[in-house]
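Below is one structure; the comments refer to it alone.
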Amino acid sequence: MKSSVVSKLTFEQVDPDVGLRSAIDSSPEKIIQTVLDSGLRGRGGGAFPVGRKWQVSRSVQAPQKYVVCNAAEGEPGSFKDRAILSGYAQLVFEGMTIAALAVGAQRGIMYLRGEYGYMAAHMESVLAARRKSGLLGKNILGKKGVHFDIKIQLGEGAYVCGQETALIEFLEGHRGEPRNRPPYPAVSGYRGCPTVVQNVETWAWVTCVMARGASWFKNLGTDESPGLKLFSVSGDCKRPGVYEFQLGLSIAELLDVVGGEDAKGVQVGGASGTMIPQSQFRRKIAFEDLPYGGAVFILGEHRDMLEVAGNYLEFFTKESCGQCTPCREGTRKLLDGVNQLREGRCRALYLEQLISLGKTIQMASKCGLGQSSPQAFLSIVEHYREELMGRVRIDE
Ligand SMILES: Cc1cc2nc3c(=O)[nH]c(=O)nc-3n(C[C@H](O)[C@H](O)[C@H](O)COP(=O)(O)O)c2cc1C
Ligand code: SF4
C-alpha cells in the first residue's frame, strides 16, 4: 500500500480571520478590486475570474443574494477539497463571508457531497464556533447591520450536481439537472436571486488573498494563471497525495516531485480532462496551456489506454442526467465502440466515425458533462494511435 502525502500547504500558515477583519474595515468595491487585482480564477475547473463574477452579482439589485460553496468534489481522482474541508474549513467559511460582504449577501449554503456526510458534524462545529466568536450571524464582528450565516446541505451522490446550475436545482429541492445559461447564477441563481457559486479551494484562496494582499498572490504562478493550486495526485507514482504547486509548473516537474517519472501518460483534469503523452510532458499546467481541475492521474507503462478510456466513458454514461440526446446516447455509443476496439471487433472506418461522434457530442451537449465526456477518448486516440491500431480489424 502506497503512503499518501499532503505537501505543506499555505493554508496552514495563514492567520485566521485576518482576511475577514481587513474586509470588514474595507468597502465592497475595494474587496472586489483586491480579488480582481490578485487575478484569482476559480479552482473548480472552469477557471472563471472570481472578481468578475462578484462584480456581476454586486451590480444586480435584489432583496436577497446568496453565496454557495460547491463541495461536490465528484471528479474521479479529486480529493483535494476533502483535504481542505477536513483541515481548513474555517478558511472556506471565512472566504464565503468575505464574498457576502462584497456582493451584499446575507445567506450562504455549502453543498456538501453526500459521500462526505461524515464531515458534516465537523463543519457544523466550525460554523458554531464562528457564530460564537461573532464571525457569523448578526452584526458580524460588531458591525451593525452586517448579517450573514451559512447552512450545510448534503448531496445525494450525483456527479452532475457539481455543475453549478444543477447544484442550484438540487438545493431548491428539484431533480439535479443543468439549466440553460444565461442567465448565469451570479445574476439569477438560487430561487431566482443573484448567487455566487465557488469551489471549496477558491473560497480558501479568497481568504488568503484578503489576508496577504493581491500582489502576494499575483506574483506567484504565471501572468494568465496567477497563484497557487492544490492537486490530487494518484495512480502509478511513488508518492500519491495532495500537493500545492504554483500554476505553470510542467508535468515533468510534477512527476519528479511525486515519483512518477516513468509514466506513459498523465490524465490532467480528472475524467473530464485530457490524456497527455510522454512527448508532451514539458507542457505547463496553467489556464493558457493545460486547464487544471486539480485531479492528476498517472499511468505507468503497463496501462492499457483503451481500458482507461472505457472506464471514463462508463462513468459518464452512468452520470449523464439524460436531458440531451448527444450526451445520453452518444456517450453510450462511444463506450460500445471502445469495447469493440478492445475485443478486436472495430473496423478502421468505424474508429473514424467514433472520433467524429466524440466531436459532435462535445459540440452539441448542453452542459460541461457532455462537452467533456469524449475528451479522454479523443486524446487517447490522438496520442496512442499506434497502440490502438494493433487492435483495429482490417478484414475489409
Ligand atoms: C458535470 C460537472 C461537474 C462539476 N463538478 C464540480 C465539482 O464537483 N466541484 C466544483 O467546484 N465545480 C464543479 N463543476 C464546475 C461548476 O459548474 C462551477 O463552474 C464551479 O463551482 C464554479 O466555482 P469556481 O469558479 O470557484 O471553480 C462541475 C461542472 C460540471 C459541468
Ligand atoms: S450534457 Fe449530459 S449531463 Fe449535461 S444536460 Fe445534457 S444530458 Fe445532462
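The values are calculated or read from the model by the stated rules, or taken from the named source; none is laboratory data. Bear in mind that the values here come from a model prediction, so they are computed numbers and not experimental data. Methodologically, a virtual Cβ is constructed for each residue, glycine included, from the backbone with ideal geometry; neighbour enumeration extends over all protein chains shown.
For every residue, the table says whether it meets (1) modelled with pLDDT of 95 or more; (2) assigned by TED's automatic domain parsing to the domain that holds PHE287; (3) within 16 Å of ligand 2 (Cβ to nearest atom); (4) outside any loop (DSSP other than H, G, I, E, B).
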| site | (1), (2), (3), (4) |
| --- | --- |
| VAL187 | yes, no, no, no |
| MET210 | yes, no, no, yes |
| ARG239 | yes, yes, no, no |
| GLU244 | yes, yes, no, yes |
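Scanning region 321-347 for residues that are surrounded by fewer than 16 Cβ atoms within 10 Å (Cβ to Cβ) and among the small types (Gly, Ala, Ser), we see that the one that is nearest to ligand 1 (Cβ to nearest atom) is GLY322. Of the set (1) surrounded by 24 or more Cβ atoms within 10 Å (Cβ to Cβ); (2) within 13 Å of ASN199 (Cα to Cα), all apply to TRP54 but (2).
PHE377 satisfies every condition listed in (1) in a helix (DSSP H, G or I); (2) within 16 Å of ligand 1 (Cβ to nearest atom) except (2). In the set (1) closer than 23 Å to TYR292 by Cα; (2) surrounded by 24 or more Cβ atoms within 10 Å (Cβ to Cβ), the condition left unmet by ALA102 is number (1). Pairs under 9 Å by beta carbon, first residue at positive phi in region 103-129, partner at pLDDT 95 or above, six or more apart or different chains? Going by the 9 Å Cβ cut-off, the qualifying pairs are GLY104/PRO28; GLY104/SER57; GLY104/ARG58; GLY104/ALA62; GLY104/LYS65; GLY104/PRO194. Annotation note: of SER3, SER57, the sole residue that is modelled with pLDDT under 95 and farther than 17 Å from LEU228 by Cβ is SER3.
Answer with yes or no whether GLU201 is assigned by TED's automatic domain parsing to the domain that holds ILE109 and within 12 Å of ligand 1 (Cβ to nearest atom). Here the answer is yes, as GLU201 does meet what is asked. Would you be able to say whether some residue in region 137-144 is more than 14 Å from ligand 1 (Cβ to nearest atom) and touching a Cys at 6+ places or on another chain (Cβ under 9 Å)? No, there is no match, as no residue in region 137-144 is more than 14 Å from ligand 1 (Cβ to nearest atom) and touching a Cys at 6+ places or on another chain (Cβ under 9 Å).
Right, GLN90: among the polar types (S, T, N, Q), outside any loop (DSSP other than H, G, I, E, B) and either touching a Pro at 6+ places or on another chain (Cβ under 7 Å) or at positive phi (or both) or not? Here the answer is yes, as GLN90 does meet what is asked. Only one entry in SER250, SER215, SER225 is over 14 Å from PHE281 (Cα atoms), of a type outside the set (Val, Ile, Thr) and touching a strand residue (DSSP E or B) at 6+ places or on another chain (Cβ under 9 Å), namely SER225.
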